[in-house]
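What follows is one structure encoded as structure tokens, with my remarks underneath.
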Amino acid sequence: MYALQKVDKKFPGVHALKAIDFQVGRGEIVGLVGENGAGKSTLMKVIYGAYQPDGGQILVDGKSVRFANPRQAMERGIGMVFQEQSLIANLTVMENIFLGYEQQFVRWGVINWREMAEAARHQLAKVKLDIDPATVTSSLSFAQRQLVELAKVLTLEERVEGHLVILLDEPTSVLSSEEVQLLFRLIRELTARASFIFVSHRMDEVMEISDRIYVLKDGQVVDVVSRGGSSAETIQHKMVGRNVNKEYYREQRQKPFDSSRTLVELDGVSLPGRVTDISLKLHAGEVLCIVGTEGSGREAILRTIYGMRTPVEGRVLIKGQEVTSFSPRTAASLGVGYVPRERKIEGIVAGMSVYENMTLSQLGRHSSGGVLKLAEEKALARDWIKRLSIKAHSEHADCGNLSGGNQQKVVLAKWRSGGSDIMLLDHPTRGLDIGAKEDVYEMIRDMSDAAVGIVLVADTLEEAIGLAHTIIVVKDGRIQKTFGATSGVKPTPFDLLHHMI
Amino acid sequence: MSTSASDTAAQGRVAMQQTRAFRRPSRETLIRWAPLLVLIALVVVFTAINPAFLSLRNFGRIAIASTPALMVAIGVTFIIVMGSIDLSMEGTIAVCACVFAYFFLSWGGTLLSTAWVAIPLTLLLGAVLGLLNGLVHVLLRIPSFMASLAMGFVGIGLAILITRGEKFLIEDEVFRGLVTYRVLGFPIMVYLALAALVVAWFIQSYTRLGRNFYAVGGGEELAHASGLDVRRVRVMGFMLAGVFYALAALFAVGRLGVAESVSGANFMFVSITSVVVGGVALWGGIGGVWNALVGVLIVNVINNGMVVIGLPDFLQDGVLGFLVIVAVVLSTDRRSVSFVK
């Protein structure tokens, strides 16, 4: 009843979806799995109308449709239950459920609250949630909010003729196992009125609930598995299976690190929240990759080393010195550099020039008595523009106008030029095209040669394996396993995935 | 194979940058120079309507009227570049003007006596008020507009307390020489203001503090992640602004010869209008003290020009308000801003 035919979606530098064929039958529960970056979220956005495909068509009940926005998709019965909960916390449950559709309760310009509460109660009954619709949303538990979100989407039943398609994006990520079972029972009951697309990285859950599973890799559907047609392991193999090009990750340039010099040591570190008992060591010249699913605590570990998070337990030692006050200032002064994932927010200042960005973290070194030594700054920038072959017309170029790869080089130059010898890289290749990615890999090897210790959260498992000396797998905030990954004895993606999910 | 792929990719990137380089700057350059073009156009229009507008005498008048406003505008420019807003200027100016007048009069009433000490004292007072302002904003985590607005009211109250509702008259001829003694047709205070402008420009372009203002305004999280002490930068910004407000107070007293609790009146609207019209972006990171100068001149040329061509003065505020909206509309790339709060 709902189908995608040869759907294509391109972004600058990325071919996100390649001729996707996808079908959901009446009352069917379809699973959708894939690695980070495989194209799951793009596909979902196409389905619920946030993105418009560049090629191919969308069929609802056999008729070709085109949605300009999510609301139009909703009017055809396609609803989305968001992973990051989309309820507005300071509104009541009923206001959230009917947000944007209050008109039906309005008489003479005034909302009839009693009528809305009645209607909301009806929706909440569908998801078996017994709460007062006038409750303020922020006072609900995560599980309750998830159900309210589902109830909100189910209002489509009354509004839309015909069958519904409901997308569930990681609906179980904040639920306990009993709550998950409750949700699954509910979903199965609701298949009388709706079909579901279930997106999750928890393989066991996907296999339990889905009638069919689509496996996505590199923007393509690599397999469609029917219930019981395949084991979790085979599916996982299909998710990652790909020939790793050793040359691509510059494996021939990987040299043994200097295990006698420890740069960073985490000793039983726990953070508020999920991250517990993390111990690791980073040596000079080592590339240490932290792998795990989104929300497993990878970034939190990185941010702790950089002083942006303060541990509640355990010790952090940087170059043998115990860190007592956690702030980026302290970390930076100890030689730690941080390349954040959100380049635009924490990496570069658009509007400031290349040289201003490069010296931002080390202005103390380029000024005397508060007065800047501009000539020195510019010379340094020119030098690094040459060393990293940054494509900018000069050191005065506005960083906001550089391509993603060149912005990334500026961020790296910022830390390296200041003499940082501990680099924390959070998805350094995210959003870069292949050529720029290779430049970043090249730079990582250069830094290793210069005895810089690198902690990396990679974009894909292959990247982690290709680049790392050591791989740490984290799951739910705990270290599951540590792999040695020097050239020749590298683990396979499957080995890692096994411990990740 | 992989090299050729990266080559094409590299060429693609270069090509993309070039097309950008051709398109982008045209818009950016236009926005950058628009305020100056507007200023020139205004002068031309007013001169065409009444040639008397284009005279040294009239330009002198414009310059005198602009001087205190320029100091306020420079001060608030630093704050706006940081992405904050300061609305305390009227209170700060009132306190500074009254305190200056009080001590100036009680220590001799002429610059030739020890009363000159009142001048550095006033500048120091401006810094202290700015410091308080910044500390309230940063330590109590109150949004800058609210913290500074509240501090501004406190300042006005304080000024009334000092003056007990009276006016202080400064009749010292040496001090009034600021406005009466002319060089090349312009009074001495205009040159002093230009000197202050140069100092402000130096701070903006050649000091760590100035660079940090832009970093905080361009990306506060990034500045923090780069190891900058953002809170310190903010407090320093408010302090610096306070010093310039104090300078404005001195010029305002020099110009009128009077200090009273309403000495700061109207500076909030005029200075922020000027800064925005001059092309400093309200969300921070863009613009600088030269924009403030051009903005102040635009506002004062309009005020003066409307009198010269004989339009009623009640139209002036309306025209200025309209101009602010036009300036913001023109300078914002509103496609990139989905929601405005």
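Values in this text are rule-based calculations from the coordinates and carry no lab data. All values derive from a computational prediction rather than experimental measurement. Here the Cβ positions follow ideal geometry from the backbone for every residue, glycine too, while neighbour counts run over all protein chains shown.
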Listed by chain and number, the residues whose amide H is under 5 Å from that of A:Ile479, excluding neighbours fewer than 5 places away on the same chain and using placed H, are none
For B:Gly278, which sequence-distant residues (separation of 5 or more, or a different chain) have an amide H within less than 5 Å of its own amide H, given hydrogens modelled in the peptide plane? B:Gly295
If every Lys and Arg gets +1 and every Asp and Glu gets -1 at its Cβ, then about the Cα centre the stretch A:346-408 yields a dipole, in debye to the nearest 20, of 220 debye
Which percent of Cα-Cα pairs in chain B sits in each 10 Å bin, short to long? 6, 23, 31, 23, 11, 4, 2, 1, 0
Eligible lysines near A:Lys152 by straight Cα distance, threshold 18 Å, same-chain separation 8 or greater: A:Lys126, A:Lys128
For the stretch B:233-249, what does the Karplus curve 6.51 cos²θ - 1.76 cosθ + 1.60, with θ = phi - 60°, yield as ³J(HN,Hα) per residue in whole Hz, taken in order and with x for Gly and Pro? 4, 4, 4, 4, x, 5, 4, 4, 4, x, 4, 5, 5, 5, 4, 4, 4
Would you work out which of B:Val183, A:Ala450, B:Ile272 lies farthest towards the positive end of the dipole of the protein assembly as shown, given +1 charges on the beta-carbon of Lys and Arg and -1 on that of Asp and Glu, about the Cα centre? B:Val183
Taking each residue of B:226-233 in turn, how many C-beta atoms of other protein chains fall within 10 Å of its C-beta, and what is the average? 6
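Once you have the alpha carbon radius of gyration of chain A, what is it after dividing by 2.2 N^0.38 Å, with N set to its residue count? Intermediate values should be presented prior to the final figure.
Working: Rg = 25.3 Å, N = 501, 2.2 N^0.38 = 23.4 Å.
Here the answer is 1.08, to two decimals.
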Taking alpha-carbon centroids only, the stretch A:194-227 lies from the stretch B:241-290 a number of Å equal to 63 Å
Could you name the lysines whose alpha carbon sits less than 30 Å from that of A:Lys481, not counting residues in the same chain fewer than 8 places away? A:Lys40, A:Lys217, A:Lys238, A:Lys246, A:Lys255, A:Lys281, A:Lys319, A:Lys437, A:Lys490
Whole Å is fine, so just give me how far the alpha carbon centre of the stretch A:380-394 lies from that of the stretch B:127-188. 47 Å
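Per-residue counts of other Cβ atoms within 10 Å, averaged by peptide: what ranking do you get for A:126-135, A:408-417, A:286-295, highest first? Numbers along the way, then the final one.
Working: A:126-135: 15.7, A:408-417: 24.9, A:286-295: 22.7.
Highest to lowest by the protection proxy: A:408-417, A:286-295, A:126-135.
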Can you work out the Karplus-derived ³J(HN,Hα) for every residue in the stretch A:191-200? Use 6.51 cos²θ - 1.76 cosθ + 1.60 with θ = phi - 60°, whole Hz, and x for glycine or proline. 4, 5, 10, 8, 9, 10, 10, 10, 10, 7
Cα-based Rg of the stretch A:346-408 normalised by 2.2 N^0.38 Å, two decimals: 1.07
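Of the listed peptides B:205-218, A:266-279, A:310-323, what is their order by residue-averaged count of other C-beta atoms within 10 Å, with the highest listed first? Don't skip to the end; give the middle numbers.
Details: B:205-218: 22.8, A:266-279: 16.9, A:310-323: 15.0.
So the peptides B:205-218, A:266-279, A:310-323, ranked by packing, come out B:205-218, A:266-279, A:310-323.
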Cα-based radius of gyration of the stretch A:65-163 once divided by 2.2 N^0.38 Å, which approximates compact folds: 1.06
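Can you give me the Rg/Rh ratio for the protein assembly as shown, using Cα atoms for both radii and the Kirkwood formula for Rh?
Details: Rg = 32.0 Å, Rh = 30.9 Å.
Ratio of gyration radius to Kirkwood radius for the protein assembly as shown: 1.03.
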With charges only on Cβ, +1 for K and R and -1 for D and E, what is the dipole size of the protein assembly as shown about its Cα centre, in debye, rounded to 20? 1360 debye
Which of these, B:Ala101, B:Ala41, B:Ala241, has the largest mean-square fluctuation under a Gaussian network model of chain B (Cα springs below 10 Å)? B:Ala41
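What is the order of A:Trp108, B:Trp116, B:Trp290, B:Trp33, fewest Cβ neighbours within 10 Å to most? Before the final figure, lay out the partial values.
Details: A:Trp108 5, B:Trp116 16, B:Trp290 19, B:Trp33 12.
Starting with the residue having the fewest Cβ neighbours, the order is A:Trp108, B:Trp33, B:Trp116, B:Trp290.
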Could you work out how far the C-alpha centroid of the stretch A:116-147 sits from that of the stretch A:424-457, in angstrom? 47 Å
Mind listing the long-range amide H neighbours of A:Leu263? Cut-off is under 5 Å, sequence gap 5 or more, other chains count too, H placed in the peptide plane at 1.01 Å from N. A:Leu282, A:His283, A:Ala284
